[in-house]
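K.L.:
Here's a structure for you.
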Amino acid sequence: MPDGKLSPSATPRVRFAPSPTGYLHVGGARTALFNWLFARHTGGTLILRIEDTDFERSSEAMVEGILDGMRWLGLTWDEGPFYQSKRLDLYKETAAKIVASGNAYPCFCTKEDLEQRRKEAAEAGRPLMYNRRCRRIPREVAEARVAAGEPAAIRFAVPVEGSTSFDDAVFGKVEFANAEIEDFVLLRSDGIPTYHLSVVADDIDMRLTHIIRGADHISNTPKQVLQYRALGAPLPVFVHVPLILGPDKTRLSKRHGATSVTAYKEMGIVPEAFRNFLSLLGWTPGGLKDENGKDREVFSSAELIALFSLEGISKSNAVFDNDKLAWFNAEYIRALPVDELSKMLEPVLSQAGLHATTEKLLAVTPLIRERIKTLNDAATVADFLFVDKLAPYDAADLIPQKGDAALAVRILGKTRDVLGQVDFTSTSMEQALREAATELGVKAGPMFQPIRVAVSGRKNAPPLFESMEVMGREVCLKRIGYAEERLKLLAAQEPALQDKGNES
RNA sequence: GGCGCUAUCGUCUAGGGGUUAGGACGUGAGAUUCUCAAUCUUAAAACCCGGGUUCGAUUCCCGGUAGCGCUACCA
């Protein structure tokens, strides 16, 4: 058997081969990422191949979605995209070669036959595998029937005895008893190849050296190894990467929430963060320490490429952790220069109906940069800085923890006076307001809380003085005046509420 | 059911025949602070179980268990 490996010194050629029956999901993205990292690390070639032989389920829209996802992640490919649907001749030729080698045969069983038999097998005994009925048809007879136009699929004649194994770069030697492998279909009766045939035909034709793909393909691999042998083709290195699971440890699927990479884009995840996070799911550079002796986790793309190696791929499945992703994302957002971040924030804000000048956005960005975990968070964190009219808030929030409505009114009144005269910069305001607090005999905390609520409509907000500076004097004064009125109303109508405010 | 693969804190993981089993996310507490966030300090938290091998196993081997995958004229 020519079981030889491809020359290890050859420049690596790898591929990402999605099936356009859905969007680019997280698992696919990770596979694409590993292929990309490997290609870039080794100076190899990444080929994009669209496995669209299932015409029923494939669509051009899905292809676009997948391409979009890859572009968003910055995963560039060097050749393709190639479409399997346009390479049908290659598959027919390949199937013919395998038939000629005596390793495949025509099968005349209809789908109905097969289903019927499977059903019976399930009810009675066990083996659900194809019973190789047509393999026993003499070659001349079979050829005659094919020549007569009888529809036939082509099946691979799997050895009855022995075993088929391969050396996986991450799992080591994996072996399957041939008796467990059924005579799988290569070419359907309509002349369309099955996955088993088209992958092998293409992987050989495209001269791939490493097959990096999900571990769900381990069980398919012996079927492919058998074909390589029948075709006398050297085996590539198989690299199966563990699967990504949802929080409940089942396969990641729609019910786990976002599972397409574009969904993460829409959530305001930045691609570099997503890529960093994803690269560490099932792979580690192996305990690289930072200057504090802690394991490093944040890596630039260049570092990821430099560090990537097959040895670091783990064997066990990994659970996708949204919290960790959010942390990575926040980490990247915080590290972004203000001008860059504000450009990314602009579309998010305008989509939320918050329009701002570039200048204002540049002023706001540093105030919210470390307060958002996703780009989208900006809309909720910063809305009060842009909006004309504050969202309704509870007037009781204007009352400081240890105080009453009367105090709040005094604070606000004083603030209005101060703000009317002071230079409207954050430093001047802070200084003046702190002095005012001293005059009123209140501490900074209780002093600023009513102002914050009055001005932002909420108890937790970005830094007060910087925010006010961005908003401008007029808006601030107006909002404070409005708050005073609400407080007076509150005090007059519901004295009970005051007590409540005191207690809480 | 059959076959295959896997198994370190809740999660991602480092490590490895002798360690106080390390880090990160998340969680708790504290510091700082105009609130929140960020930051810093700190706490709790793991080697699936059972047999071997060995002076010594979390680490090596076997079995069990569990999880995942495959089991189509889908990919």
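The values are calculated or read from the model by the stated rules, or taken from the named source; none is laboratory data. This is a predicted model, so every value here is computed, not measured. Glycine also receives a Cβ, built like all others from the backbone with ideal geometry; neighbour counts cover every protein chain displayed.
K.L.:
Which one is nearest to RNA strand B (Cβ to nearest atom) among residues in the range A:94-109 that are over 14 Å from A:Ala157 (Cβ atoms) and without any contact (Cβ under 8 Å) to a residue 60 or more places away in the chain?
P.N.:
Filtering the range A:94-109 down to residues over 14 Å from A:Ala157 (Cβ atoms) leaves A:94, A:96, A:108-109.
Still in the list and also without any contact (Cβ under 8 Å) to a residue 60 or more places away in the chain: A:96, A:108-109.
Working: A:Ala96: 16, A:Phe108: 7, A:Cys109: 5 Å.
Among them, the one singled out is A:Cys109.
K.L.:
Do we find a residue being surrounded by fewer than 19 Cβ atoms within 10 Å (Cβ to Cβ), acidic (Asp, Glu), in contact with a helix residue (DSSP H, G or I) (Cβ under 9 Å, 6 or more places away or on another chain) and not in a strand (DSSP E or B) anywhere in the range A:232-253?
P.N.:
Scanning the range A:232-253 turns up at least one residue that is surrounded by fewer than 19 Cβ atoms within 10 Å (Cβ to Cβ), acidic (Asp, Glu), in contact with a helix residue (DSSP H, G or I) (Cβ under 9 Å, 6 or more places away or on another chain) and not in a strand (DSSP E or B).
K.L.:
Same structure, new question: Confirm whether A:Leu398 is touching a helix residue (DSSP H, G or I) at 6+ places or on another chain (Cβ under 9 Å), modelled with pLDDT of 95 or more and buried (at least 17 other Cβ atoms within 10 Å of the Cβ).
P.N.:
Values: touching a helix residue (DSSP H, G or I) at 6+ places or on another chain (Cβ under 9 Å): yes; modelled with pLDDT of 95 or more: no; buried (at least 17 other Cβ atoms within 10 Å of the Cβ): yes.
No.
K.L.:
Being modelled with pLDDT of 95 or more and either farther than 30 Å from A:Arg188 by Cβ or part of a loop (DSSP other than H, G, I, E, B) (or both) is true for just one of A:Arg15, A:Arg40, A:Arg49, A:Arg57. Which residue is that? I'd like the intermediate steps shown before the answer.
P.N.:
Values: A:Arg15 fails: either farther than 30 Å from A:Arg188 by Cβ or part of a loop (DSSP other than H, G, I, E, B) (or both); A:Arg49 fails: either farther than 30 Å from A:Arg188 by Cβ or part of a loop (DSSP other than H, G, I, E, B) (or both); A:Arg57 fails: modelled with pLDDT of 95 or more.
So the residue among A:Arg15, A:Arg40, A:Arg49, A:Arg57 that is modelled with pLDDT of 95 or more and either farther than 30 Å from A:Arg188 by Cβ or part of a loop (DSSP other than H, G, I, E, B) (or both) is A:Arg40.
K.L.:
Another one. Determine, yes or no, whether A:Ala100 is loosely packed, with under 12 Cβ neighbours inside 10 Å and under 20 Å from A:Ala233 (Cα atoms).
P.N.:
Numbers: loosely packed, with under 12 Cβ neighbours inside 10 Å: yes; under 20 Å from A:Ala233 (Cα atoms): yes.
Answer is yes for this residue.
K.L.:
Take A:Ser85 and tell me if it is away from RNA strand B (no atom under 12 Å from the Cβ), over 30 Å from A:Asn178 (Cβ atoms) and surrounded by 14 or more Cβ atoms within 10 Å (Cβ to Cβ). Show your work before the answer.
P.N.:
Numbers: away from RNA strand B (no atom under 12 Å from the Cβ): no; over 30 Å from A:Asn178 (Cβ atoms): yes; surrounded by 14 or more Cβ atoms within 10 Å (Cβ to Cβ): yes.
Criteria not met by A:Ser85.
K.L.:
Pairs needed: first member in the range A:10-31, under 21 Å from A:Ala318 (Cα atoms); second member anywhere, of a type in the set (Lys, Arg); C-beta distance under 8 Å; at least 6 residues apart or different chains.
P.N.:
A:Phe16/A:Arg49; A:Thr31/A:Arg213
K.L.:
Scan the range A:267-281 and tell me whether some residue there is outside any loop (DSSP other than H, G, I, E, B), crowded, with 18+ Cβ neighbours inside 10 Å and touching a strand residue (DSSP E or B) at 6+ places or on another chain (Cβ under 9 Å).
P.N.:
Among the residues of the range A:267-281, at least one is outside any loop (DSSP other than H, G, I, E, B), crowded, with 18+ Cβ neighbours inside 10 Å and touching a strand residue (DSSP E or B) at 6+ places or on another chain (Cβ under 9 Å), which makes the answer yes.
K.L.:
Also: Quick one: in the range A:283-321, of everything that is of a type in the set (A, V, I, L, M) and part of a helix (DSSP H, G or I), which residue is farthest from A:Gly74 (Cα to Cα)? Walk me through how you get there before you give the answer.
P.N.:
Quick first cut of the range A:283-321, residues of a type in the set (A, V, I, L, M) only: A:288, A:298, A:302, A:304-307, A:310, A:313, A:318-319.
Adding the requirement that they be part of a helix (DSSP H, G or I) leaves A:302, A:304-307, A:310.
Working: A:Ala302: 12, A:Leu304: 13, A:Ile305: 13, A:Ala306: 16, A:Leu307: 18, A:Leu310: 21 Å.
By that ranking, first place goes to A:Leu310.
K.L.:
Does A:Asn317 satisfy the criteria of being over 23 Å from A:Lys373 (Cα atoms) and surrounded by 14 or more Cβ atoms within 10 Å (Cβ to Cβ)?
P.N.:
Numbers: over 23 Å from A:Lys373 (Cα atoms): yes; surrounded by 14 or more Cβ atoms within 10 Å (Cβ to Cβ): yes.
Criteria met by A:Asn317.
Yes or no, residue by residue, for (1) part of a helix (DSSP H, G or I); (2) of a type outside the set (S, T, N, Q); (3) within 16 Å of RNA strand B (Cβ to nearest atom):
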residue: A:Ile411; (1), (2), (3): yes, yes, yes
residue: A:Gly420; (1), (2), (3): yes, yes, no
residue: A:Ala454; (1), (2), (3): yes, yes, yes
residue: A:Asn460; (1), (2), (3): no, no, yes
residue: A:Glu466; (1), (2), (3): yes, yes, yes
residue: A:Arg486; (1), (2), (3): yes, yes, no
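K.L.:
Taking the range A:178-208, which residues are surrounded by fewer than 22 Cβ atoms within 10 Å (Cβ to Cβ) and either polar (S, T, N, Q) or farther than 20 Å from A:Thr164 by Cα (or both)?
P.N.:
A:Asn178, A:Arg188, A:Ser189, A:Asp190, A:Gly191, A:Ile192, A:Thr194, A:Asp205, A:Met206, A:Arg207, listed by residue number.
K.L.:
Also, I was wondering about something else. Name every residue in the range A:211-242 that is touching an Asp or Glu at 6+ places or on another chain (Cβ under 6 Å) and within 10 Å of RNA strand B (Cβ to nearest atom), in order of residue number. I'd like the intermediate steps shown before the answer.
P.N.:
Going residue by residue through the range A:211-242, those that are touching an Asp or Glu at 6+ places or on another chain (Cβ under 6 Å) are A:238, A:240.
Residue satisfying the conditions is A:His240 alone.
K.L.:
Taking A:Ser301 as meeting all but one of (1) of a type in the set (S, T, N, Q); (2) within 11 Å of RNA strand B (Cβ to nearest atom); (3) in contact (Cβ under 8 Å) with a residue 12 or more places away in the chain, write down the number of the exception.
P.N.:
Just one mismatch for A:Ser301, condition (2).
K.L.:
Hey, could you check the range A:323-332 for residues that are surrounded by 14 or more Cβ atoms within 10 Å (Cβ to Cβ) and near RNA strand B (Cβ under 9 Å from one of its atoms) and say which is farthest from A:Val261 (Cα to Cα)?
P.N.:
Looking only at the range A:323-332, we keep the residues that are surrounded by 14 or more Cβ atoms within 10 Å (Cβ to Cβ), and these are A:324-332.
Next, only the ones that are near RNA strand B (Cβ under 9 Å from one of its atoms) stay: A:324-328, A:330-331.
Working: A:Lys324: 16, A:Leu325: 13, A:Ala326: 14, A:Trp327: 17, A:Phe328: 16, A:Ala330: 18, A:Glu331: 19 Å.
The selected residue is A:Glu331.
K.L.:
For the range A:173-183, enumerate the residues that are more than 7 Å from RNA strand B (Cβ to nearest atom) and hydrophobic (A, V, I, L, M, F, W, C).
P.N.:
Within the range A:173-183, A:Ala179, A:Ile181 meet the criteria.
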